[in-house]
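Here's the structure, in structure tokens; my notes come after.
Quick note: the coordinates plus some simple rules give every number you see, no bench work behind them. All values derive from a computational prediction rather than experimental measurement. When we count neighbours, we look across all protein chains shown, and the Cβ atoms used for this are built from the backbone with ideal geometry, even at glycine.
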Amino acid sequence: MSGLLSKLSGGQLSASAAEHRQMVAHDPNRSASLLAGLEAANLGWFWESDASGRLTYLTDSAISAAGREKDSFIGLNLTEIFATGDADDSDTTSRPLKFRLASRSPISRLNVKVLGDETKEMWWEISATPRLDGHGNFEGFHGTARDITRSLAQSRDSERAAQYDSLTGLANRFRMARQLEQTLKTFKQSKRSCAVMLLDLDLFKKVNDTLGHPAGDELLKQVAVRINKLVGETGEIGRLGGDEFQIILPDKDDRGELADLSKRLVQMLSQPYSIEGARAIIGCSIGVAIAPYDGIDASDLIKAADLALYAAKDAGRGTYRFYSSQLSQSAHFRQRIEDDLRDALSQGELLIQYQPIVDAKTHNVASLEALLRWEHPERGRVSPAEFIPVAEELGIITEIGEWVLEQVCIQLGNCPTEVRAAVNVSPIQFASDDFYSTVDRILTKTGVDPSRVELEITESVFVGDLDRTLDLFKQLKGRGVRLSLDDFGTGYSSLSYLRDAPFDKVKIDQSFVRGCTEEGNNNGALVSAIVSMAKALKMETVAEGIEAKDELAMVTAHGATHLQGYLFSTPISIEELLTRFENKELEFKPRGPEKYRSERRTEFRRIGLIHGDSRYDVFLRNISKTGARIEGLLDVPIGTEFVLDLGDGQLAIATVRRSDGFTQGVEFETQLISDGAQGLCTRHRVSPYQIEAAGRPLGALTNSAVAAYTGAMQSAPKAFVEVDIGAQIRR
């Protein structure tokens, strides 16, 4: 002990009278006594090792603090006692310590984990200097140590509080921003991809308003657990604040896989929640953007995902959307819609059309569904999918809904008495305190028989105060109004409220009807189950979206009582309906294709066609998952293969299957996938990194690579096809 402390104190000094004060100041015995006092007071720990790295001395109190016996420390190699590593990382490693010891350099305030006791975690801070003999030969280290377990834990807790959400335990906005920025910076160098998903909970505010903020907090915790179950270790999950969540998915660019994950997230987060005995139901909208296709920097990628999220919410919520360059244009279009919609009602631009719902046995009209339309004086007809969500956010949907209900009741008075009319009710409209009094006032004012009025309500009205919802149903039924459950099975499906709520009709969503006759499609079984359940509950069923005669045969065979779809009629004006009724033309005969075809979207836009060394401009007339119709080339032989450039880096290998003059019908080698709304997209895209390899600077790309991509394609189409078809389309 005295030898170690003597060396630590500075060694021997001369004893001349002139140097007496200096000798006293550096007296080794006095220094040893002082250091021994520090040890005895447990104010400092000391240790020493030999040249081979074995521990030769350690303060007794340090051994005691570690809960070990002296023999279990002395003689062991330092790397068997200590390990360096992150305090948050249980898989620590001694390699950095080995390096420091091997270099024989001074060690300053190094955090090490004390090994050997699995029951508790202990961290020390050690410092040391090398010991040299009189010839400069290395003899080992001597140094100090102190216990930093508690302070490190406090620091770790503070660091965690700064990076993690205290409510859900997920990463917070700060950590997610830093993580995304670091990931994209690293991936840019290694030319890897990374997807970002932004999630926004639909109807969460209603839960807060009806059940209280503590219930909302509990709901957010349960949401975090559900997201984590689906995403697991494949990505980083964070809560940005409020009801916004973010997921970072490294090395993900397959939009088919991302679509599947988005669907599962929407479905799982839409299932009912139990909160202190109350039942809550919400939904989820998701926006997806992928680097490097939609952005290279974090700010660009988040902006792209945000636009995609807004598009998902505008599409009716409860869905997902991928970013595309068209969304930037849509954002400006939405602003114009907001500006003009406020005046649409007062300017007489809104009108109502009706789609017949026919009896499954006679095909005679049994009821009508009222559909709101907006005829804009400059832009023509605006889709309800575009302006209804805007009306809800602007808070004018209640005013519009009242106008629709009153107009329908007035027009219904001119129809045959056996014909009913259904009116869609927005969840926001239904949640207003004066909804029943409004319905009662309109029925009294128009004098229509209440049994001829059906209110179509979606499952989202069951969010929050279930007792209030059921009481309102009873009031409406007491007034004689019929109730219809719309879009059954697509959102918050639960049998409990079908049992408790007095519905007269269940509408089978068109997604279950569409393609129900295709081989391997299970929709027919789902339709049969819904019909059987409704029959047991003495409810009518309406199969929506019937467009082909094989679909008609299927839903009829399964017992649907009523039918609706373009096979019978498109939405028509009240004037045309009244003319039919006056002529006793109550039957709507099915007119349409014999068999269902993959859904086709009518389009008219210019795209690129690449064949050999040439690139041509052609027009896309319609498109489905399996093929498209194009115009612009004359008499292309059947069987010709080429590549269609659909924009935004999307390439599709196509083969001509039909050719008639300037028109060709082509079949895609790989089917397109849904973009989450009504659009289609390819699973993969041309990577901007390959655009860079073709001579275009990567740094010039912004949210969309389309400009650089198109220029590179036009300048060297053959080279691009040879590179990208193998690397991007067929992978």
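How far apart, in nm, are the 7 Å Cα→Cβ label points at SER61 and LYS538?
In this crude spin-label approximation the distance works out to 8.5 nm.
Relative to the present Cα-Cα distance, how much length would full extension add between GLU575 and GLU641 at 0.36 nm per residue of separation?
Length gained between GLU575 and GLU641: 18.8 nm.
Could you sort 236-243, 168-175, 532-539 so that the peptide with the highest average Cβ count within 10 Å comes first and the rest follow in order?
On the way: 236-243: 19.6, 168-175: 17.9, 532-539: 14.2.
Sorting 236-243, 168-175, 532-539 by mean packing, highest first, produces 236-243, 168-175, 532-539.
May I ask you to derive the FRET efficiency for LYS229 and ASP433 from their Cβ-Cβ distance with R0 = 51 Å, giving the value to the nearest 0.05?
Working: r = 38 Å, r/R0 = 0.74.
For R0 = 51 Å, the calculated efficiency reads 0.85.
Cross-link partners among lysines for LYS589, C-alpha distance below 22 Å, same-chain residues fewer than 8 apart left out?
Within the straight-line limit of under 22 Å, LYS589 reaches these lysines: LYS361, LYS507, LYS549.
Expressed as a rounded percentage, what relative contact order does the stretch 311-442 have, with Cα pairs under 8 Å and six or more residues apart? Write out the running numbers ahead of the final one.
On the way: 134 pairs, mean separation 30.0, N = 132.
After rounding, I find 23 percent.
Just report the Cα centroid separation between the stretch 47-81 and the stretch 364-426, whole Å.
Computed from Cα coordinates, the inter-centre distance equals 83 Å.
Points 7 angstrom from Cα along the Cβ direction at SER72 and SER52: gap in nanometres?
A separation of 2.3 nm, rounded to one decimal place.
Roughly how far apart, in whole Å, are the Cα centres of the stretch 275-349 and the stretch 127-146?
What the calculation gives is 65 Å, centre to centre.
For PHE138 and ARG379 in the same chain, what is the full-extension length gain: residue separation times 0.36 nm, less their Cα-Cα distance, in nm? All intermediate terms of the calculation are to be shown ahead of the outcome.
Working: separation 241, 0.36 × 241 = 86.76 nm, distance 8.65 nm.
Fully extending the segment from PHE138 to ARG379 adds 78.1 nm.
At a Förster radius of 25 Å, what calculated FRET efficiency corresponds to the Cβ-Cβ distance of LYS595 and ASN364, to the nearest 0.05? Before the final figure, lay out the partial values.
Working: r = 25 Å, r/R0 = 1.02.
FRET efficiency, LYS595 to ASN364: 0.45.
Of the listed peptides 108-116, 131-139, what is their order by residue-averaged count of other C-beta atoms within 10 Å, with the highest listed first?
Numbers: 108-116: 16.6, 131-139: 10.2.
Top of the packing list down: 108-116, 131-139.
Computed FRET efficiency, Cβ-Cβ of GLU393 and ARG441, R0 30 Å: what is it to the nearest 0.05? Write down the numbers at each step before the final one.
Values: r = 26 Å, r/R0 = 0.87.
Calculated transfer efficiency: 0.70.
If I take all pairs of Cα atoms in the stretch 263-356, what percentage of them are more than 22 Å from each other?
Values: 2221 of 4371 pairs.
Value for the stretch 263-356: 51 percent of Cα pairs lie more than 22 Å apart.
Which order, highest average first, do 194-205, 384-395, 663-674 follow once you tally other Cβ atoms within 10 Å for each residue and take the mean per peptide?
Details: 194-205: 23.3, 384-395: 17.2, 663-674: 18.8.
Descending packing order for the listed peptides: 194-205, 663-674, 384-395.
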